[in-house]
Amino acid sequence: MKRVLLIEDLPQVAQHLQQMLSREKEAELVGVEKESDSAIARVNTEKPDVVMIDALLQGKSTGFDIAKRVRAASPGTRIIIVTVPQRPVDPKPDLGIDAVFVLPGGANELASALAVGKREIRLKGRMIVCYSPKGGSGKTTIAVNLATILRRRGNSVALMDGVMQFGSIRHVLQVPPATRSIVDLPTGQGMRTSLSEVLWEGPSGVAVLLGPPRPEEAELMAAPDVATAMQLLAEDHDYVIVDAPTKLSDESLAVLDAADVILLIVTYMQASVANTRAAVDTFEALGYKGTKPILLVVNQSDSAAGMSKGGIEHTLNLPVVAEIPTDWKVVSESLNKQQPFVLSSPNSAVAKAMEGLASTLVQQQRR
């Protein structure tokens with residue numbers, strides 16, 4: 001169900017759009033606003049999935065001005081500009097326009113703009129896998145905080161522990177001991193009917209699928225079933241963030257094969273860069289390069305030790321999309337208190353860097 005906020009100052013147009021939205025089974029109108037300031041306040045508090053904005057708004061702010069403000073306030077929100085045939089508008093995601101609805105329009109055109117029904121199959125959730133070939137890189141911490149940020153921006157988000165043996169997500173969040181996990185699911189497509197029953201509600205409403213609680217239970221999970229769980233989560237969530245195993249086994253390759261985006265977590269240390277270079281070579285052999293984005297995230301980036309962002313990009317022939325600084329106090333307290341640091345210390349430099357990473361990924365998806 002898409003939650004829709006309508007920004008429209010003409011009563012007759014607002015009434016017409018409300019009637020159309022009431023007939024759309026997969027849309028729910030959360031409100032109608034006439035002015036820019038009240039509309040942005042509503043976006044900040046309600047985090048709607050979709051905002052429809054009249055391009056011909058009267059007043060100090062144009063519909064396009066409001067679209068830019070909505071994009072800044074809630075990057076994950078879908079923005080639809082409403083116009084008339086005499087005033088054509090082109091979709092421009094970078095400028096805050098994801099779709100255009102031309103009045104009077106019909107039910108099919110509205111559903112297409114909202115991205116509901118059959119059209120949404122191609123827009124199913126984005127599967128982002130956090131991977132590092134070297135332990136201690138911070139990939140679990142990055143995965144947890146990234147999922148939390150995306151959820152707080154109004155997206156539906158699932159966080160999956162892809163490490164079947166000695167997974168960490170249950171230990172960095174306040175997970176009750178008896179919480180169910182992926183081993184409680186049936187195999188194959190039988191997972192579909194039971195998946196919601198084993199998801200645990202984590203920080204800010206992130207849906208968490210945990211790995212097995214005991215290391216010996218990892219043998220109960222086949223690699224194809226791990227990938228199937230990811231894909232089923234993507235059917236019901238805007239983003240699926242996966243903490244992947246370090247070892248390149250059948251299990252981790254199944255996760256990486258299914259990924260839409262691979263975030264390679266690296267540090268400014270020679271061993272980390274060398275191992276990552278070997279992983280990139282393997283990804284090239286597997287045909288990942290050119291078929292899905294492979295992006296670098298430099299953790300502990302203020303410990304450069306003679307290395308540089310440009311040097312790593314040159315060595316690995318991949319772009320660095322974020323540099324996450326070191327903050328041992330904030331991160332250690334976050335891990336010990338089992339609360340994401342983007343919640344416990346939102347104004348810290350490390351939290352702001354994670355916010356930047358989330359924004360970059362959202363914009364990269366739009367492009």
Inset, instruction - Sort out which residues of the stretch 234-253 are touching a Pro at 6+ places or on another chain (Cβ under 8 Å) and crowded, with 20+ Cβ neighbours inside 10 Å, and write them in order of number. - result: GLU251, SER252
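Every residue, every condition in (1) assigned by TED's automatic domain parsing to the domain that holds LEU357; (2) loosely packed, with under 14 Cβ neighbours inside 10 Å, yes or no:
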site	(1), (2)
PRO104	no, yes
ALA113	no, no
LEU146	yes, no
LEU159	yes, no
PHE166	yes, yes
VAL175	yes, no
ARG180	yes, no
VAL198	yes, no
GLU201	yes, yes
Inset, instruction - Please tell me if GLY154 is part of a loop (DSSP other than H, G, I, E, B), of a type in the set (Gly, Ala, Ser), free of Cβ contacts under 8 Å to residues at least 60 places away in the same chain and surrounded by fewer than 23 Cβ atoms within 10 Å (Cβ to Cβ). - result: no
Inset, instruction - Could you tell me which numbered condition SER345 fails, if it satisfies all but one of (1) among the polar types (S, T, N, Q); (2) surrounded by fewer than 14 Cβ atoms within 10 Å (Cβ to Cβ); (3) closer than 30 Å to ALA72 by Cβ? - result: (2)
Inset, instruction - Test each condition in (1) within 20 Å of VAL226 (Cα to Cα); (2) part of a helix (DSSP H, G or I) for MET160 and report the one that comes out false. - result: (2)
Inset, instruction - Return only the number of the condition from (1) part of a helix (DSSP H, G or I); (2) surrounded by fewer than 16 Cβ atoms within 10 Å (Cβ to Cβ); (3) modelled with pLDDT of 90 or more that GLN363 does not satisfy. - result: (3)
Legend entry - Meets criteria (at negative phi and among the small types (Gly, Ala, Ser)) for ALA115: no
Legend entry - Selection status of VAL129, surrounded by 13 or more Cβ atoms within 10 Å (Cβ to Cβ) and outside the structural domain of LEU264 (by TED's automatic domain parsing): no
Inset, instruction - Give the residue that is surrounded by the fewest Cβ atoms within 10 Å (Cβ to Cβ), with candidates limited to residues of the stretch 7-26 that are of a type in the set (S, T, N, Q) and closer than 19 Å to PRO48 by Cα. - result: GLN19
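The values are calculated or read from the model by the stated rules, or taken from the named source; none is laboratory data. Just so we're clear, the structure is a prediction, and the values are computed from it rather than from any experiment. Glycine also receives a Cβ, built like all others from the backbone with ideal geometry; neighbour counts cover every protein chain displayed.
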